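Inspection log for the structure reproduced underneath, given as structure tokens.
All of the numbers you see were taken from the coordinates with simple rules; none came from a lab. Keep in mind the model is a prediction, meaning the values are calculated, not measured. Neighbour counts run over all protein chains shown; Cβ positions are idealised from the backbone, glycine included.
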Amino acid sequence: MYSTFNVKRQGFEEIDAWKKARELNKRVYRLTREGTFAKDFGLCDQIRRSCDSVMSNIAEGFERESRKEFLQFLWYAKGSAGEVRAQLVAALDAPYIDEPTFDELTALAIQVSQLIAGLIRYLQKSDVAGVRYQTTND
């Protein structure tokens, strides 16, 4: 399994949850540029900010190089994924999106949430504190 805190690690861009969150983000931005949805500046802004928050919290937590802080930011990201789902319901009720679009994006948001939850479980079981707590033998 990919070691999140390996000194010679890849970036957060390699984390599956971040990749999936990016996909969700792109889809939401495309959707909110169209039709009547684009004219509802409040909901449009809120759902975009929630999607941005999922990606950003994964990245920020990872870059802090501490397992404890990464976990904290993953919980924020998971919460934001739930917020996206709630806003998709609002968009469906408005109605700015149709049922198939709602189902597809909700499934993607759930998948993001599940990937984050899996990463949280992995990190909770890990005994590695993080890069900033590792010592080098130079």
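Computed values, structure above
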{"quantity": "Nearby aspartates and glutamates by direct alpha-carbon distance to K20 (threshold 17 angstrom, same-chain neighbours under 8 apart not counted)", "calculated": "D52, E60, E83, D103, E104"}
{"quantity": "Reachable lysines, given that their alpha-carbon falls under 19 Å from the alpha-carbon of K39 and they are not under 8 places away in the same chain", "calculated": "K26"}
{"quantity": "Point-to-point label distance, D98-K125, nm (Cα→Cβ direction, 7 Å offset)", "calculated": "4.3 nm"}
{"quantity": "Residue among A17, A77, A107 with the largest mean-square fluctuation in a Gaussian network model of the chain, springs linking Cα atoms under 10 Å", "calculated": "A107"}
{"quantity": "Structure-derived Cα Rg over 2.2 N^0.38 Å: which label, when the choices are [x] 1.07; [y] 1.02; [z] 1.18", "calculated": "[z]"}
{"quantity": "Karplus-derived HN-Hα couplings along segment 23-32 (A = 6.51, B = -1.76, C = 1.60, θ = phi - 60°), whole Hz, x at Gly and Pro", "calculated": "4, 4, 4, 4, 5, 5, 4, 4, 4, 7"}
